[in-house]
Amino acid sequence: MQRSKAASALLILPLLASLALAGCQKPKAKVTEAENARAMRVVRLQPQAISGALTASGDLVPREEAAVLPEVNGYRVARVLVDVGDHVKQGQTLVQLDPALVQAQLAQAEAVAAQAQVQALQAADQAARVKDLDNAGVISQEAIDQRRFQARAAQATAAAQAAALKDIRTRVSKLSVSSPVSGLILERTVRPGDLSAVAATPWFRIARDSEVELSAQVSEDDLANIHPGQHAQVTLPGGEIVQGVVRLVSPQIDNQSKLGAVRVHLPVRSDIRAGGFARAVFSDVTGTVLAAPETAVRYDADGASVMVVGADNRVKKVVVQTGQRGGGLVELTKGPPAGSRIVLNAAAFLLDGDLIKPQEGAAPVAAAQPRAAVATVGSARK
C-alpha cells in the first residue's frame, strides 16, 4: 500500500513542475492588422501632358463621291458596260440606252428642219426682189411689206425647227450615259431592261480618282491639337499600317456627341475600301489629360481598373475607361476624380478592403514609345 502511494507521488511531481513552469511564462502579444499591413507606393491622379499618343477611329469614306444618273426619261437600258470595282475614266460610257424610239424622231426632225430652211431661203429671195421698189409704183407697198414679213416668219420657223433638231440630237448623245469623273465604281443599281428616269436612285456611285480617306472622330479638346499637314499612322481593318496626312479638320463640333471629324488622306490601295473601319495615331500631339502611370492600371475580366486608397488607407477596386497613351502614362476618361490616391503597382496582390501603408511620391515616367510601336494598336472597335 505504501509502495503504491509512493508511485503515485512520483507521477504527480513532474506534472506539478510543468504546470509551475507554464505559469511562469508570459503570454505572447497579438499582431495587429496595422502592423501586418504591407507598405505600398501610391501616387495621386492629376492632369498630365501626354505627347505623341493621340488616337482616333472612324470610317473609311471616299474623298469625293460622284453620282451617275440618266439625263433622259423613258428609254430602256440596252447594255451596262461596267461593274462594281471597275476603274473608269472621265467621259467613259457606262450605260447604253436603246435608241430605237429617238431614231425615228431624229429622222423626222431633220426632214422638217430642212424643209423649213428651204422655205426661209425662198421667202428671203422674194423679199430681196422688192428691196429697191419702195414707193416706185411698180408694186403696192402692202405687197412689198408682206414679202418682207413672210421672209422674217420663215426664218423664225427655220430657227425653231433647227432648235428642235438640236434638242433631239442632244437626247441621242445622252443615250450613252458616261462617267463625270475618273475613279472607282463603289455601287451599281442599274440593270439591262430598266427604264431611265431622271429622278430615280443614282445608277452608279464613283469615288473620284479612287481616293478613300479616313474620317476620324476626335473629341472637342483634342481637335485643337490636330492641324492640316500633320502625319498619322492608320491601322486598316486587316491590321496593315499605312502613312496618312491630315487633309481637313472639321470647323464644327457635333452638338450631341461633341466630336469633330478629321479627314486623313490615304494612298490609293486596293485594300483600302470605303465603308471599312480604321484607327489613326497622330504624331507630334501634346495634350493635358487626367492620366495615371501604366503600371497602376490593372486589366482583368472586368476590364481596366485601379486600386484607390481611401482616407483609412484601405484599398478599393475602381473600374476605369482608358484613352490615349504615351510616355508611360494612360489617360483615364472615366474613373476616380483628380487628387485620388492610387496604388502604383497594379500587379500587387490586393483585394478590396485590404489595409496598406501608403508611401506617397512622384511616379516614375517611362520613356515615350516609338511611333511605330504606338501605331500597332488593334483595329477592332471599342
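Values quoted throughout were computed directly from the atomic coordinates according to the rules given, and no laboratory measurement underlies them. None of these values were measured; they are calculated from a predicted model. As a convention, Cβ positions derive from the backbone with ideal geometry for all residues, glycine included, and neighbour counts pool all protein chains shown.
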Please tell me the relative contact order of segment 92-232 in percent, rounded to the nearest whole number, where contacts are Cα pairs under 8 Å and at least six residues apart. 28 percent
Please work out the FRET efficiency for the pair THR170 and VAL268, using the Cβ-Cβ distance as r and a Förster radius of 35 Å; give the result to the nearest 0.05. 0.50
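What FRET efficiency comes out for GLU35 versus LYS258 if R0 is 56 angstrom and r is the Cβ-Cβ distance? Round to the nearest 0.05.
Details: r = 50 Å, r/R0 = 0.90.
Result of the calculation: an efficiency of 0.65.
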Among LYS317/LYS357; LYS89/LYS166; LYS316/LYS357, the pairs whose Cα-Cα distance exceeds 21 Å are LYS89/LYS166
Taking Cα centroids, how far is segment 223-269 from segment 298-323 in Å? 32 Å
Give or take rounding to whole Å, what are the principal axis extents of the alpha carbon atoms in segment 99-173, in descending order? 57, 14, 13
Tell me, in nm to one decimal, what length is gained between VAL181 and GLU142 on full extension, where the rule is 0.36 nm per residue of separation less the Cα-Cα distance? 8.0 nm
